[in-house]
Amino acid sequence: MKRIATAVVLLPLIIWMVLRAPPLAFDALLVAVGLIAFYEFDQIAAAQGIVRAGIPGMAAGIALLFAPEPFLVIILIALLAMSLAMLPQDLAKSLPSAGAFVLGVVYIFGAWRSAIGLREINPHWLMIALLVSWAGDTAALYVGKSIGRHKLAPHVSPNKTWEGAIGSVIAGTAAAGIYAHYLIPPAALWGVLAVGAGANIAGQLGDLCESAFKRGANVKDSGTTLPGHGGWLDRIDSSLFSVPVTYAVLKYLLL
């Protein structure tokens, strides 16, 4: 019940933010959710004995989000991460700490930068990048419970099945096609379906990756701020993969 109530509150807000909100409000939302998700990622890393990126990591994330030259910023972030990793007395943690610093920044804020670019192309494409994961997650849950027999990645997420994953791809791709038919009519159907399938598969991989991080840290959820959903990172883990993939396919293959 808590999960449904949280979704009922958040869903209209997210849809309005994506489709109608002024750029400043949209950017503010990305910053807020990005910082919370990065903090949760930092906690997962710390649970595995990795030194927290903390405020420098958050500042680097915001810089990546809004920098005019992101490629150069990523290089500078890597140099900063390696420099800070020398500070702890236990130098055996230097390499994993520097790696986690850069990974967390690019993983979360790099994806959100892609969301800004996708929204600039057309807010409806960003909506599709989110929708394919939402529809897919729902289908995977019901298909997996009904007919799921073959485990997808038992060492990472024991409850996920191949049947649920296939149902997710079908539902996510169909949702993309239906949405685009009514709201992006000029888009070629084959392109929409390709984006939908690719984004959904990427989103499922993103969910598995976050599950692997949590399992390695021996934690169930990334946080407790969203009743019934865990933390913000738990809620957006699929989108952190589906949004960049959608943006890349549109920018470099379809437009």
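Remarks
- Tilt relative to the chain, helix 189-217 - C-alpha long axis, 0 to 90 degrees, to 10: 40 degrees
- Each of the peptides 159-171, 22-34 was scored by the mean count of other Cβ atoms within 10 Å over its residues; in descending order, highest first, they stand as 159-171, 22-34.
- Peptides 91-101, 37-47, ordered by how many other C-beta atoms sit within 10 Å of their residues on average, highest first, read 37-47, 91-101.
- Extension reserve of the Ile75-Ile55 stretch, reckoned as 0.36 nm per residue once the Cα distance is removed: 5.4 nm
- In the chain, one over the average inverse separation of all distinct C-alpha pairs is 18.9 Å, which is the Kirkwood hydrodynamic radius.
- Burial ranking of peptide ranges 239-247, 210-218 (average Cβ count within 10 Å, highest at the top): 239-247, 210-218
- Cβ-based exposure ranking for Trp134, Trp112, Trp125, Trp16, in which fewest neighbours within 10 Å come first: Trp16, Trp134, Trp112, Trp125
- Under the simplified labelling scheme, the Ala46-Leu91 pair shows an inter-label distance of 2.6 nm, with each label point 7 Å from Cα along Cα→Cβ.
- Relative to the longest principal axis of the Cα atoms of the chain, the long axis of helix 54-66 makes an angle of roughly 50 degrees.
- Net charge, Leu250 excluded, C-beta distance under 14 Å - Lys, Arg +1, Asp, Glu -1: +1
- Sorted fewest first by neighbouring Cβ atoms within 10 angstrom, Asp137, Asp237, Asp221, Asp207 come out as Asp221, Asp137, Asp207, Asp237.
- Separation between Cα centres of segment 127-191 and segment 108-123, rounded to whole Å: 21 Å
- Compactness of segment 40-141 was expressed as the Cα radius of gyration divided by 2.2 N^0.38 Å, which yields 1.28.
- Acute angle (nearest 10 degrees) that the helix 162-183 long axis makes with the longest principal axis of the chain, alpha-carbon atoms: 70 degrees
Any read-out appearing in this document is the output of simple, stated calculations on the displayed coordinates, not a laboratory observation. Nothing here was measured: the structure is a model prediction, and the numbers come from that model. Because the Cβ atoms are built from the backbone with ideal geometry, glycine has one as well, and the counts that use them run over all protein chains shown.
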